[in-house]
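The next block holds one structure in the form of structure tokens; read it before the comments.
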Amino acid sequence: MPGYSGILVIDKPQGWTSHDVVAHVKRKLKAKKVGHLGTLDPLATGVLVLVLDSATKHAANLGAGVKEYAAVCRLGEARDTYDSEGKRTKAGDLTGLTREDILKALDGFRGRIKQVPPMYSAIKSNGQPLYKLARKGITIEREAREIEIFEIEALNIELPGVHFRVLSSGGTYVRSICHDLGEKLGCGGHLTELRRTRSGAFRIEEAAGPGLEAAELTERIIPLEEALKRVSVDGGGPGSPGVVKA
């Protein structure tokens, strides 16, 4: 299948980098070019949309649209990476914290908001990724970026854990939502689980595991023309249905 153009939606396993998935699929399918439409942290699982061969030229169009995540935030402890892989920077008392407090704080994220990206991110400052500076113990001021949270809802609250779903614009850091939630509540917080269930017009229901054999992966490839049509019709917006199954 060298030269085949299309889209492949992968359910990224925990512990894999997005680059790991790209290299694995490229090798398995013997594709000339493989790229992705938005990275996922190694901690995260779920939708990673790959573009194969000449489809890489259409990445900007195919990657448009909202992102949907299911996440778990652990309250009572902040970490420097904003997730469970970092060092603890703050511990807080959850005594007296109510469900109503948490729901009100979550609701405050809804709409257009300014979000400061974490130091442990791939955003560059003077050509240097922030995470490389952070690993040297260097912290710099980061400019807040405008994002939009279309939907955010608590799925389950069982302290210290808060399981929630968020539908957001691209460029949103769910780790930052967890950190900022902890700051709002005065107790600290960090991300412990993250699963992306949607990226624009592509959803988890059509995702393939990277462990499938080449023939099975090939069957899952969405032809470029179909993918472009889906994006143009669906738009990948917050109110669009995403994948429509017959």
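Some observations on this one:
- Proximal aspartates and glutamates to Lys32, defined as alpha-carbon separation beneath 15 angstrom and excluding residues fewer than eight positions away on the same chain: Asp53
- To the nearest ten degrees, helix 18-29 and the longest principal axis of the Cα atoms of the chain are 20 degrees apart.
- Computing Rg and the Kirkwood Rh from the Cα coordinates of the chain gives a ratio, Rg/Rh, of 0.99.
- Here is the list for region 62-93: trypsin sites (Lys or Arg not before Pro) lying in DSSP coil, each with at most 11 other C-beta atoms within 10 angstrom of its C-beta, are Lys87.
- Region 32-98: mean projected area of Cα convex hull, nm²: 6.7
- When region 67-198 is reduced to its Cα atoms, the Kirkwood hydrodynamic radius in Å: 15.0
- Rounded to 10°, Cα long-axis angle of helix 174-185 versus longest principal axis of the chain: 10
- Once the Kirkwood radius over Cα pairs is known for region 174-224, the Stokes-Einstein relation at 4 °C and 1.567 mPa s delivers a diffusion coefficient of 93 µm²/s.
- DSSP-assigned coil residues among GluC sites (Glu not before Pro) in region 146-231, each with at most 11 further Cβ atoms within 10 Å: Glu213
- Equivalent-ellipsoid semi-axes of region 23-138, from the Cα gyration tensor, Å, largest first: 34, 20, 15
- Taking 4.7 Å between C-beta atoms as the pairing limit, the chain has these partnerless cysteines: Cys187.
- Cross-link pairs Lys57/Lys132; Lys28/Lys87; Lys33/Lys229; Lys90/Lys132; Lys67/Lys87 - those with Cα-Cα distance over 32 Å: Lys28/Lys87
- Selection among Ser168, Leu130, Gly92 by position relative to the dipole of region 67-198 gives Leu130 as farthest towards the positive end (Cβ unit charges, Cα centre).
Bear in mind these aren't lab numbers, they're just calculated from the coordinates by the rules spelled out. These figures come from a predicted structure and were not determined experimentally. So basically every Cβ, Gly included, is an ideal-geometry build from the backbone, and we count neighbours across all protein chains shown.
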